[in-house]
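Data block below; observations after.
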Amino acid sequence: MYDLGGNGEWRRFMMRRWLWILLTCFSLIWLGSTTTPAHAATTNSNKLNISVDGNFSDWDDKPMTSLNNDAKASLVADDSAVYFYMNTNPNDNKHGFIALPDSYTLKFGSKSFAITLGKAKGLGAGKVKPVTVNANGSTVSGAEAMISRPKDSHGNYEIVEMRVPLRDLGVVATSSQNISMTSGDAMFGGTTLTTTGGSTGGVILVAAGFSIALVGVVKIARRRRQTA
């Protein structure tokens, strides 16, 4: 079937085969580098190991940004969701009731979302309650948020943690996607939190391409030995 009639024909055949393999690999690399809608590219892997359950120890190893008036916040993302945390009184040095901002602006590149949290009904001192997450006036069905209201010697303050699935916002999930969170509230003091998304789709596609190429070379070599 593969009697190529001499070394010259064999070399030309192999050159054509390698050209095909290289073109295939470059095509797969290009496909891996193109952006894909989040609902097709993301998973529910939760690579950051953050559980939105009111136990805020998940955030101990996450980068924190100091906001105005000693508040602290963090914004991180993996290939399935963006996560936000804010503690309005981490140093326990404020007096009176310290509430969270009423609204936030979440951006993915040039795409912007007005984020608001639902009311934490029955949230008293020392309690934690789940609340809804709204984006541009609509409830994000897959989002999760918990608000805690610890009590200290000076009064009460609030802590929030939130997870918003990227696919529910219809945004792109790539490692180069700039994500930011800010608020008009004075507590933010003009600070903008930034992070990037994460996706392994390109790496997987490229690896698959080289696997296909390697299988093709092995098969050709075996057939050559059989016809030698």
- request: Could you state the accessible area per residue of the range 57-210 in Å², with a 1.4 Å probe and every protein chain left in place?
  value: 45
message: I'd like to compare 128-134, 118-124: which one has the highest average count of other Cβ atoms within 10 Å, and what's the full order after that?
response: 128-134, 118-124
- request: Under 15 Å between C-alpha atoms is the cut-off here; go through the range 57-210 and count lysine pairs that meet it, provided they're at least eight residues apart or on different chains.
  value: 8
- request: Could you work out the local net charge near residue 129, counting Lys and Arg as +1, Asp and Glu as -1, over the other residues with Cβ closer than 11 Å to its Cβ?
  value: +3
- prompt: Efficiency by 1/(1 + (r/R0)^6): what FRET value for residue 92 and residue 53, r their Cβ-Cβ distance, R0 = 22 Å, to the nearest 0.05?
  reply: 0.45
task: Search the structure for amide H atoms under 5 Å from the amide H of residue 67, placed 1.01 Å from N in the peptide plane, and list their residues when 5 or more places away or on another chain.
output: 72, 73
message: Show me, bin by bin at 10 Å from 0, the whole-percent P(r) of the range 134-188 based on Cα pairs.
response: 16, 39, 32, 11, 2
statement: Taking 0.36 nm per residue of separation between residue 16 and residue 62 and subtracting their Cα-Cα distance, the length gained on full extension comes to 11.4 nm
- request: Tabulate in residue order the Karplus-calculated ³J(HN,Hα) for the range 121-128, using 6.51 cos²θ - 1.76 cosθ + 1.60 with θ = phi - 60°, rounded to whole Hz; enter x for Gly and Pro.
  value: 5, x, 7, x, 4, x, 10, 10
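The values are calculated or read from the model by the stated rules, or taken from the named source; none is laboratory data. Owing to the predicted nature of the structure, the values given are computational and were not obtained by experimental measurement. In this analysis, Cβ positions are derived from the backbone assuming ideal geometry, glycine residues included, and neighbour counts consider all displayed protein chains. Only protein heavy atoms, including side chains, enter the accessible area calculation; ligands, DNA and RNA are left aside. Shrake-Rupley method; radii C 1.70, N 1.55, O 1.52, S 1.80 Å.
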